[in-house]
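Structure first, commentary second.
The values are calculated or read from the model by the stated rules, or taken from the named source; none is laboratory data. The structure displayed is predicted, hence computed values, not measured ones. Cβ atoms come from the backbone with ideal geometry, glycine included; neighbour counts cover every protein chain shown. Ligands, DNA and RNA are stripped out before the accessible areas are found, and what is left, the full protein with its side chains, is counted by its heavy atoms. Shrake-Rupley method; radii C 1.70, N 1.55, O 1.52, S 1.80 Å.
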There are 2 protein chains.
Amino acid sequence: MSNATSTESEPKIMNGVNVTTLFDTIDAVKGNAAIAKFNFRAANTWIGGDKNRSTIKEFTGALQEQRTNGKSFVFENGEHPVLLGEDKAPNPVEWLLHALIGCLTTTTAYHAASRGIAIDAIDSQIEGDLDLRGFLGLSEDVRKGYSAIRVHMRVKTKAEPATIKSLTAMSPVFDTVSRSVPVTVDVETY
Amino acid sequence: MSNATSTESEPKIMNGVNVTTLFDTIDAVKGNAAIAKFNFRAANTWIGGDKNRSTIKEFTGALQEQRTNGKSFVFENGEHPVLLGEDKAPNPVEWLLHALIGCLTTTTAYHAASRGIAIDAIDSQIEGDLDLRGFLGLSEDVRKGYSAIRVHMRVKTKAEPATIKSLTAMSPVFDTVSRSVPVTVDVETY
């Protein structure tokens with residue numbers, strides 16, 4: 001390794017995020033907005049009763065198909081016996097909490113890195129209230145999903161809590177869940 | 001096993017769902033709405049960069065703490081290299097798709113069972129569009145999360161597609177995502 005090469009090409013890493021690549025990405029998107037268009041996908045097969053299995057493989061982004069190496073992530077949904085299942089896996093509303101808390105955490109780490117804010121640790125709790133009368137169709141006044149979700153994040157950093165909170169607002173899952181997204185469901189029977 | 005016992009206590013199973021217990025649950029909730037109040041939870045720890053890990057353990061429901069046997073589900077979030085990660089796990093917006101498609105599937109199986117509709121198979125695809133300019137803060141007009149999510153469900157059943165579609169509308173994650181939920185984020189630094 002020559003000194004000249006290592007000095008000039010050393011990427012800036014903060015919070016485990018390659019900030020050099022992050023700013024390169026931002027510059028690329030500024031030059032061509034199409035780079036920013038992503039399409040994420042999953043397939044799911046019902047196994048029976050409370051159990052089904054999702055497979056997550058390719059997605060589209062940065063103008064091409066990604067994860068085309070045959071790699072796949074396979075995860076199941078389940079339900080606890082109190083919800084008539086066998087508790088072989090988290091249930092879908094628990095998975096939603098995993099997605100949301102994970103997105104808030106990743107977003108905090110990335111956006112702090114982009115602003116030069118060092119983060120040493122993030123530990124969070126998330127909880128959601130759900131009244132099963134909605135799902136069971138027992139009351140028109142009770143919604144079927146969560147009525148409220150609360151997150152508490154404990155962040156080791158020199159930045160102010162309000163600064164960190166402002167970063168979390170950039171989270172895509174937070175935006176999706178707290179602002180709603182149109183979901184179209186098309187059903188084919190055979 | 002005596003004939004008398006097996007005849008009288010045999011539960012009715014449809015789509016792998018214990019319909020006898022399902023109707024018992026509905027009756028119990030009708031008698032005491034507090035039984036229907038659930039609180040689901042997760043904890044999350046940032047590992048660094050794109051990686052964080054959620055632990056899903058106890059939840060509250062049916063008037064008591066559930067899954068108190070020490071069992072825990074542990075899953076990670078990651079990001080693909082095109083999003084500056086190492087692709088060790090799905091990313092949060094992919095996990096959201098897993099939660100949503102799983103909930104639509106479980107909801108279909110359960111509600112079909114409650115109506116006496118036999119389901120032999122469910123295979124689904126889900127996709128979501130996301131413009132990274134929102135996350136990157138490059139445009140106020142572009143939202144940070146999904147702009148649209150589309151689901152295609154292929155269901156082996158004698159019921160009509162419209163009937164099955166009406167069942168999917170009972171899904172708690174579908175309701176949460178398509179109608180929004182208030183999410184409060186509290187940040188503590190140290």
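Peptide A:137-149 has a mean shielding of 5, counted as Cβ atoms of other protein chains within 10 Å of each residue's Cβ.
Of the trypsin sites (Lys or Arg not before Pro) in the stretch A:88-137, the ones in a loop by DSSP (not H, G, I, E or B) with at most 15 other beta carbons within 10 Å are A:Lys88, A:Arg115.
Each label was represented as a point 7 Å from its Cα along the Cα-to-Cβ direction; for B:Tyr190 and A:Asp123 these points are 0.6 nm apart. Placing dummy labels 7 Å off each Cα toward the beta-carbon, the span from A:Lys71 to A:Lys12 is 2.7 nm. Across the identical copies, the label point of A:Arg179 (7 Å from Cα in the Cβ direction) is separated from its matches by 2.1 nm, in order from shortest. Estimated at the nearest 10 Å², the accessible area of B:Tyr190 is 100 Å² with a 1.4 Å probe.
Taken residue by residue and averaged, Cβ atoms of other chains lying within 10 Å of the Cβ of A:119-126 number 6. Cross-link partners of A:Lys144 among lysines, defined as those whose alpha carbon lies under 28 angstrom from its own and excluding same-chain residues fewer than eight positions apart: A:Lys51, A:Lys88, B:Lys12, B:Lys30, B:Lys37, B:Lys57, B:Lys71, B:Lys144, B:Lys156, B:Lys158, B:Lys165. Amide H contacts under 5 Å for B:Asp87: B:Glu79, B:His80, restricted to partners 5 or more places along the chain or on a different chain, H placed in the peptide plane at 1.01 Å from N. Each Cα pair under 8 Å and six or more residues apart adds its sequence gap; the mean of these over the residue count of chain A is a relative contact order of 15 percent. Rg and Dmax of the stretch A:141-184, based on Cα coordinates, read 14.1, 45 Å. In the full protein context, the protein assembly as shown carries 42 Å² of accessible surface per residue, based on a 1.4 Å probe and ignoring ligands, DNA and RNA.
Sorted from closest to farthest, the other copies place their B:Pro11 label points 5.1 nm away, with each point set 7 Å from Cα along Cα→Cβ. Mean-square fluctuations from a GNM of chain A, with a 10 angstrom spring cutoff on Cα atoms, peak among A:Ser124, A:Ser180, A:Ser54 at A:Ser180. Neighbours of B:Glu76, meaning other residues whose beta-carbon lies under 14 angstrom from its beta-carbon, give a summed charge of -2 when Lys and Arg score +1 and Asp and Glu score -1.
GNM remark for chain B: springs join alpha carbons under 10 Å apart, and the peak mean-square fluctuation among B:Ala118, B:Ala169, B:Ala33 falls on B:Ala33. For the stretch B:109-190, taking Cα atoms only, Rg and Dmax work out to 18.1, 59 Å respectively. What FRET efficiency comes out for B:Ala169 versus B:Gln64 if R0 is 22 angstrom and r is the Cβ-Cβ distance? Round to the nearest 0.05. Here the calculated transfer efficiency is 0.15. Per residue, the convex hull spanned by the Cα atoms of the protein assembly as shown amounts to 167 cubic angstrom.
The mean count of C-beta atoms from other chains within 10 Å of the C-beta of residues in B:70-80, rounded to a whole number, is 4.
The translational diffusion coefficient of the stretch B:1-117, from Stokes-Einstein at 25 °C and 0.890 mPa s with a Kirkwood hydrodynamic radius over alpha carbon pairs, comes to 138 µm²/s.
In nanometers and ordered shortest first, the copy-to-copy spacing of the B:Thr60 label point, defined 7 Å from Cα toward Cβ, is 4.5. Using the Karplus relation 6.51 cos²θ - 1.76 cosθ + 1.60 with θ = phi - 60°, the per-residue 3J(HN,Hα) values for the stretch B:35-47 come to 4, 7, 7, 10, 9, 9, 9, 8, 10, 9, 10, 6, 9 Hz, with x marking Gly and Pro. Share of carbon and sulfur in the accessible area of chain A stands at 50%, probe radius 1.4 Å. State log₁₀ I(q)/I(0) for the stretch A:41-180 at q = 0.09, 0.15, 0.17 Å⁻¹ as given by the Debye formula over alpha-carbon point scatterers of equal weight, solvent excluded. Taken in order of the listed q values, log10 I(q)/I(0) reads -0.39, -0.98, -1.13.
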